[in-house]
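J.: My questions all concern the structure below.
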Amino acid sequence: MIRVKVGQLLRLPSVLSEMGYRVIVPTESNGVTKFADFATDSGIDLHYVRAINAPRDFLLPDGEKLFSYRSTATVTSYGLKIRFPTVEGPCPVTINAEYTAPSGRIAFFAIHPCHANSIRYLDSVMLSDPADPYYRARRDGMLTVVMECEEGDDHCFCVPAESWELEEGYCDILVRRSGDGFLLQPRSEAGKKAASRLEAQEELGSIKERPPKMRTSFRIHASEEDIDRGEAKGIDSCTLCAACTVTCPTCYCSDIEDRFHLVDPSNVERVRKRMSCQRRCYSMIAGGNIFLKTKEDRYRWRLKHKFPFSSKAFGISGCVGCGNCIAFCPAGIDMRRTVGRGTNK
Amino acid sequence: MKAEENPYVPKSATVVAVKNESLETKTLRIRLYNWKAEFQPGQFVQLLLPGVGEAPFCIASSPSDQKHMDLTIIRRGLVTIASHYMRPGDVVGIRGPFGRPFPVSRIVGKDLLIVGTGIGIAALRSLILFLVEHREDYGELNLLYGARFPEDLVYRDEMKYWAEKMNLKVTLSKASPEWGGLRGRVTDHLDGVVKGKGQVAILCGSPLVMRSISGELLERGLKADQIFVSLERHMKCGIGKCARCLIPGGWHVCKDGPVFSLDEISLEAIGD
């Protein structure tokens, strides 16, 4: 364990950058905290409780290009008139996918334990067989500097969600505020290497993560029946803006689409876009039939995907208790009323 | 990472024949180049039309020919409408096959009831052709096919060959006066084909019809683990990463389905 001053801790992103990492830091912009690529003039916010985006936006970026190919089709205008040039001969033109795997290592600086656990959830989804090659390439060699929370705000519930503890591999350096400085506990070789480059004071002992102070306390009951029966008060005022899924650090639903270049329509890119279960097209099948028809259906669906479906399919809860879906909801919908039981919720 | 290891990259294939099945439906016969698809009845593939997009379709041809696959496509959305413009020789991309097939080896020797409605029959054709080829391994075969209008019927020319091997009933819910066959919904014609306990039922069609038939079959004494449904969702990735095909119970239709037995899922999971 080492003790550093604020100035030294703020040097850590540039140290990581020198070590070859792409460093993501929490920065303040327009009154909210947002993770962004580190630049030397980044105003790093060490005191944030809530960030508007999450490590997910860097590990699974929205609009990620999967590959591009030359299409043999020509698209004529005036509606949907597509002509596929016929190819003569035994083995015609093939679809040659051109793509480059994402390269480089990524480092997250000063993320919270809930963020680290959201990466753990994304791992269990994306790396389960067959693994997603794009996610794996981004995630390999990742380094995380986890900053402990002392106290959550009104919306936090990581203690009831049991996501304040850190599994091995999801924290390379643990940071705790102590007096006017910080205590750093490297937990892996890469973390030790990075920490050794700081001017620090050695201290005896070691620190382990501890639960932050919570303003609410309740127990989560989230089986499918619990969610179906649970109260959904205020859901009428939902505007289906999808802020809950956009800011959620574990929402990963996606859409895959082909985009062709307007000038050269034979140049096609296949991209993966983020999709939200609050949207109508999420559950639409051919012919326009949709399975999630009402706001209430979609609200309960999101909770079911977070709790029972994730537990069943991946053996891990999909909610890390960050409270972003409550804090950023313009209609003030609080999912704790549906899944929380017990005191003071 | 090589292209072959990337599950998102399609393999090349060409359309070798196009058959008009009905006003809205065409069957594309697709030939695979330099690769074989080891598929089983009930599995699906992602068909890529270059420059248009990708959509999932159940394979509608016999698994004994693994160099070709038939996809029966009804005009509904962007990809399906574009696929009706395809001509022999056109290049397409195929990803797959994906999913869990019909349990053909587990139901050997059993009496089968197959119910298909609308374009759902396309997902069952692979199974039907498999059963026709392996007729002696199975007990009594009943096929109930329902559609709305006479012009919606697909595989009309093949039906007479199927009828030689199994008891085939075709019913139309909105038949024209000159229609000489059965009239009404498939649920009206379950008498005589449902044998009760010991029979295996396989359903594919619109969600509401599947739900009502499942309820009816359960009432008539079939066990939930002997009723199999093939579900439709708009799978985007096919490997369980996009979560677009989740159904109640936490199943991914692309990985765990599209074939489910009714003891695995609730009737609500079929959808409405």
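The values are calculated or read from the model by the stated rules, or taken from the named source; none is laboratory data. Note that this is a predicted model, so its numbers are computed, not measured. Here Cβ is always computed from backbone atoms with ideal geometry, including for glycine, and neighbour counts include all displayed protein chains. To get the accessible areas, we keep the full protein, side chains included, count just its heavy atoms, and leave off ligands, DNA and RNA. Shrake-Rupley method; radii C 1.70, N 1.55, O 1.52, S 1.80 Å.
J.: Limited to the range B:101-124, what total is found for residues that are buried (at least 17 other Cβ atoms within 10 Å of the Cβ), over 22 Å from B:Val194 (Cβ atoms) and away from chain A (no Cβ under 14 Å)?
T.: 1
J.: Can you give me the number of residues within the range A:13-39 that are touching a residue at least 12 places away in the same chain (Cβ under 8 Å) and farther than 24 Å from A:Pro186 by Cα?
T.: 4
J.: On to the next question. Can you find a residue that is among the hydroxyl-bearing types (Ser, Thr, Tyr), in a loop (DSSP other than H, G, I, E, B) and open to solvent by less than 20 Å² (accessible area, probe 1.4 Å) anywhere in the range B:25-32?
T.: no
J.: Just checking, how many residues over the range B:248-268 are more than 8 Å from every other protein chain (Cβ to nearest Cβ) and over 18 Å from the mean Cα position of the chain (by Cα)?
T.: 6
J.: Among residues belonging to the range A:240-262 that are in contact with a Cys (Cβ under 9 Å, 6 or more places away or on another chain) and part of a loop (DSSP other than H, G, I, E, B), point out the one that is nearest to the other protein chains (Cβ to nearest Cβ).
T.: Restricting to residues being in contact with a Cys (Cβ under 9 Å, 6 or more places away or on another chain) and part of a loop (DSSP other than H, G, I, E, B), the top hit is A:Cys253.
J.: Inside the range A:218-257, can you point out the residues that are free of Cβ contacts under 8 Å to residues at least 40 places away in the same chain and over 26 Å from A:Ile119 (Cα atoms)?
T.: Within the range A:218-257, A:Glu225, A:Arg229 meet the criteria.
J.: Residues that are at pLDDT 80 or above and in contact with a strand residue (DSSP E or B) (Cβ under 8 Å, 6 or more places away or on another chain), at least 1 per element: which strands (runs of 3 or more DSSP E) completely within the range A:24-86 meet that?
T.: Strands (runs of 3 or more DSSP E) meeting the threshold: A:32-37, A:64-70.
J.: On to the next question. What pairs come out if I take residues in the range B:188-210 that are under 28 Å from A:Gly288 (Cβ atoms) and pair them with residues that are in a loop (DSSP other than H, G, I, E, B) and open to solvent by 20 Å² or more (accessible area, probe 1.4 Å) whose C-beta lies under 7 Å away, six or more apart or interchain?
T.: Close Cβ pairs (under 7 Å, with a partner that is in a loop (DSSP other than H, G, I, E, B) and open to solvent by 20 Å² or more (accessible area, probe 1.4 Å)) amount to B:Pro207/B:Asp272; B:Leu208/B:Asp272.
J.: Hey, can you tell me all the residues within the range B:215-250 that are touching a helix residue (DSSP H, G or I) at 6+ places or on another chain (Cβ under 9 Å), open to solvent by 30 Å² or more (accessible area, probe 1.4 Å) and not in a loop (DSSP other than H, G, I, E, B)?
T.: Passing the criteria: B:Glu216, B:Leu218, B:Ala224.
J.: Only one of (1) farther than 18 Å from A:Ile333 by Cβ; (2) of a type in the set (Lys, Arg); (3) modelled with pLDDT of 90 or more fails for A:Arg270. Which number is that?
T.: With respect to (1) farther than 18 Å from A:Ile333 by Cβ; (2) of a type in the set (Lys, Arg); (3) modelled with pLDDT of 90 or more, A:Arg270 is out only on (3).
J.: Among the listed residues B:Thr80, B:Thr72, which satisfies the condition of being facing chain A (nearest Cβ under 7 Å), surrounded by 16 or more Cβ atoms within 10 Å (Cβ to Cβ) and polar (S, T, N, Q)?
T.: After applying the criteria, what remains is B:Thr80.
J.: For the range A:120-151, name all the residues that are touching a helix residue (DSSP H, G or I) at 6+ places or on another chain (Cβ under 8 Å) and aliphatic (A, V, I, L, M).
T.: Listed by number, the residues that qualify are A:Leu122, A:Val125, A:Met126, A:Leu127, A:Met142, A:Leu143, A:Val145, A:Val146.
J.: Do any helices (runs of 4 or more DSSP H) lying entirely in the range A:263-345 carry at least 3 residues that are within 21 Å of A:Met214 (Cα to Cα) and in contact (Cβ under 8 Å) with a residue 60 or more places away in the chain, and which ones are they?
T.: In the range A:263-345, A:324-327, A:336-339 are the helices (runs of 4 or more DSSP H) which contain 3 or more residues that are within 21 Å of A:Met214 (Cα to Cα) and in contact (Cβ under 8 Å) with a residue 60 or more places away in the chain.
J.: If only one of B:Gly96, B:Gly89 is part of a strand (DSSP E or B) and at positive phi, which one is it?
T.: Matching residue, one of B:Gly96, B:Gly89: B:Gly96.
J.: Yes or no: A:Gly230 open to solvent by less than 20 Å² (accessible area, probe 1.4 Å) and within 12 Å of chain B (Cβ to nearest Cβ)?
T.: No.
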